[in-house]
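Enquirer: This is the structure, below, for whatever I ask next.
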Amino acid sequence: MARKRHRPDDILWTISTSDIETEQSISKDIVTLGPLLDTKYPRKAMVKLFDEKLVHVNDHKATPHVEVTVGDEIWIAMAKEKIDHEPIAMDLHILYEDEDLLILDKPAGLTVNSKGQVSLANGVAHYFKENGIKRKIRFLNRLDRDTTGCIVIAKSGLAQSLYQQQMDDNTFEKWYMAVVEGIIDTDENSLVLPMAKSIDGVHYEVNPQGKETRTDFTVLHRYPMEVVDNFVHNSYDTVDRSIKSVDINLGSVDKQTRTVDNSVYNLENRPCTEVAVRLYTGKTHQIRVAFSHMGHPLVGDTLYGAKRTGKPFALRAMKVIFTHMRSGKRVTVEAKEML
């Protein structure tokens, strides 16, 4: 529904000479609004905003066919929506928040938005209600019940479309840490595998008929006879030292072993390997399936063939990196503290 007053999360900007040049119109100083916005935002999201009469030029409702020029003021109003989950008070660990995104550190043992049970979506709904954020809850990534770390929520359809586009073109980076059974010999690798749900409806598997996935990893430590207590929460310096770019870059990996209490996972001195993982696609259980297929399931991941440890498998979404939709700057958000 159209409205007359600006809200803090509305998008306001004045057309500049560089905007006109980017659109590359026939005229030197006049462009059409629709094609101009196509250079900044996903078209599908903008079509919806135009349909709801939420796009304005100089405070007047506009269509995609309106001609604009340098100095015109564009106002994209964010639609008011109903919160679509039951609000339930929950202790949320906020890692980052701006007008468009909320990034939380998800704890283990909590689903993202499963029906029929209390999930993280209920806690986010309560947070939205308490803070006057009248929007649907849009998760941009999914984490399994026992996976911890960075979970990203978009606050609008426009933000969802734009950041999903970044995920699709791999400029929205998703980094994980895990420990797997056995010693991985290669220092780094890119696992490109087709995956699909198995016939039992529970597992996922490598299947020639499945969707192609890509999972890159770098070995951080090898533990021939021992494992690390809370390994996945305490190796940030190693991650930063080992991975310097978007693509896998081994750099200088410290492979020294550490003396620890190996009763944490009850592995009885079985060897394991600590890895940093860059996820390029987002298939359900992708990391778990990829390493199980290699013969190195995640420690404790009995669903995919690991030995029982008495603990949930330890997989942590350590870091996300993205381009801010308003400033254009690269933003890094890390989940450093153990929950």
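Enquirer: So which of LYS106/LYS319; LYS106/LYS329; LYS129/LYS155; LYS283/LYS329; LYS80/LYS129 end up more than 19 Å apart by C-alpha?
Expert: Beyond 19 Å: LYS106/LYS329; LYS283/LYS329.
Enquirer: Residue by residue through segment 63-69, which ³J(HN,Hα) values in whole Hz follow from phi under the Karplus form 6.51 cos²θ - 1.76 cosθ + 1.60 (θ = phi - 60°), with glycine and proline marked x?
Expert: 10, x, 8, 5, 8, 10, 8
Enquirer: Now, a different point. Given +1 on the Cβ of Lys and Arg, -1 on the Cβ of Asp and Glu, and no further charges, what dipole in debye does segment 122-176 carry about its Cα centre, rounded to the nearest 20?
Expert: 380
Enquirer: What list of ³J(HN,Hα) values in whole Hz, one per residue of segment 78-90 in order, does the Karplus curve 6.51 cos²θ - 1.76 cosθ + 1.60 (θ = phi - 60°) give from phi, with Gly and Pro shown as x?
Expert: Once rounded to whole Hz, the list reads 8, 5, 7, 9, 8, 5, 9, 9, 5, x, 9, 4, 8.
Enquirer: Something else about it: Counting other Cβ atoms within 10 Å of each Cβ, which trypsin sites (Lys or Arg not before Pro) in segment 272-312 have at most 13 and sit in a DSSP loop?
Expert: Answer in residue order: ARG308.
Enquirer: Another question, then. At 1.4 Å probe size, with no ligands or nucleic acids counted, give the accessible surface of GLU81 in Å², nearest ten.
Expert: The value for GLU81 is about 40 Å².
Enquirer: Which percent of the Cα-Cα distances in segment 1-154 go past 21 Å?
Expert: 54
The values are calculated or read from the model by the stated rules, or taken from the named source; none is laboratory data. Keep in mind it's a predicted model, so treat the numbers as computed, not measured. Ideal geometry is used to build each Cβ from the backbone, glycine not excepted, and the neighbour counts take in all protein chains shown. Side chains included, ligands, DNA and RNA excluded: accessible areas come from the protein's heavy atoms. Shrake-Rupley method; radii C 1.70, N 1.55, O 1.52, S 1.80 Å.
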